[in-house]
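Below is a structure I'd like to ask you about.
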Amino acid sequence: MRITFILLLALNLYACAPVENKEPQEYKGPLREVENMELFYTEDNLVKVKMKAALVYEFIEGDREFPKGIYMEFYDVSGRLESTLKANHAYFFKKENQWRGRGDVVVKNLIKDEQLNTEELFWKPIDKKIFTEKFVTIRQQTDVIYGQGMNAKQDLSDFEMKTVTGDFEMKENQ
């Protein structure tokens, strides 16, 4: 009986211990989650961009994350498929209006039969520019160019590589 009384007294003292109130923590995770997204961006009733993603997270600031990758198609003014972009992971930075693709990034210019491969690529839609500091491979119809770091127009019609290696033909301006 005495042991029972001591146990009950101990439980009462424990139950009456002051409860520590923790400050509420701000939730920083996604506000919205979308599965199997397919989005079309149009101008003048013509599809300009088609985007597919298996999973999209949208955050409070308007940023978007594509943790399972992204696939995009870009169309010219006549509605013809011009180029594609694929990445294993992507992130859209709303404030900077800039995209980042990571992990096996592949950009194909279907009109010129050219392909860019890298592990990370940034795209600024307003400037219509792509760039990276990572290793890049560009396969053209007759040449393969390797480099570390690149700035280019988004359609690869004009590009500049920082450190260049590879086998390619140099043409002189006349």
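The values are calculated or read from the model by the stated rules, or taken from the named source; none is laboratory data. Here the structure is a predicted model, which means the values were calculated and not measured. A quick note on method: Cβ atoms are made from the backbone with ideal geometry, for glycine too, and the neighbour counts reach across all protein chains shown.
Hey, can you tell me all the residues within the range 140-155 that are more than 20 Å from Y75 (Cα to Cα), assigned to a strand (DSSP E or B) and not β-branched (V, I, T)?
Listed by number, the residues that qualify are Y146, G147, Q148, G149, M150, N151.
Residue check: is K128 under 30 Å from P30 (Cβ atoms) and not hydrophobic (A, V, I, L, M, F, W, C)? Show your work before the answer.
Details: under 30 Å from P30 (Cβ atoms): yes; not hydrophobic (A, V, I, L, M, F, W, C): yes.
Yes, satisfied.
I've got another one for you. Give me the pairs, please: first residue somewhere in the range 109-135 and closer than 13 Å to D155 by Cβ and modelled with pLDDT under 95, second residue anywhere and assigned to a loop (DSSP other than H, G, I, E, B) and among the charged types (D, E, K, R), beta-carbon distance under 9 Å, and either six or more positions apart or on two chains.
N109/D155; L110/R80; I111/D76; I111/R80; I111/D155; K112/D155; K128/D155
Right, A10: surrounded by 10 or more Cβ atoms within 10 Å (Cβ to Cβ), hydrophobic (A, V, I, L, M, F, W, C) and at pLDDT 95 or above or not?
The answer is no for A10.
So, D63, is that one within 30 Å of Y27 (Cβ to Cβ), among the acidic types (D, E) and either touching a His at 6+ places or on another chain (Cβ under 6 Å) or surrounded by fewer than 19 Cβ atoms within 10 Å (Cβ to Cβ) (or both) or not?
So D63 fits the description; yes.
Got a number for residues in the range 51-74 being over 15 Å from A87 (Cβ atoms), of a type in the set (D, E, K, R) and either at pLDDT 95 or above or under 13 Å from the mean Cα position of the chain (by Cα) (or both)?
The total comes to 2.
Got a number for residues in the range 156-173 being modelled with pLDDT under 75 and either under 13 Å from K129 (Cα atoms) or of a type in the set (A, V, I, L, M, F, W, C) (or both)?
Total meeting the criteria: 2.
Regarding A90, is this residue crowded, with 17+ Cβ neighbours inside 10 Å, more than 16 Å from P125 (Cα to Cα) and of a type in the set (G, A, S)? Give the steps one after another, and end with the answer.
Numbers: crowded, with 17+ Cβ neighbours inside 10 Å: yes; more than 16 Å from P125 (Cα to Cα): no; of a type in the set (G, A, S): yes.
Considered against the rule, which asks whether it is crowded, with 17+ Cβ neighbours inside 10 Å, more than 16 Å from P125 (Cα to Cα) and of a type in the set (G, A, S), A90 comes out as no.
Which count do you get for residues in the range 132-163 that are under 20 Å from the mean Cα position of the chain (by Cα), among the hydrophobic types (A, V, I, L, M, F, W, C) and surrounded by fewer than 16 Cβ atoms within 10 Å (Cβ to Cβ)?
Of the residues in the range 132-163, 1 are under 20 Å from the mean Cα position of the chain (by Cα), among the hydrophobic types (A, V, I, L, M, F, W, C) and surrounded by fewer than 16 Cβ atoms within 10 Å (Cβ to Cβ).
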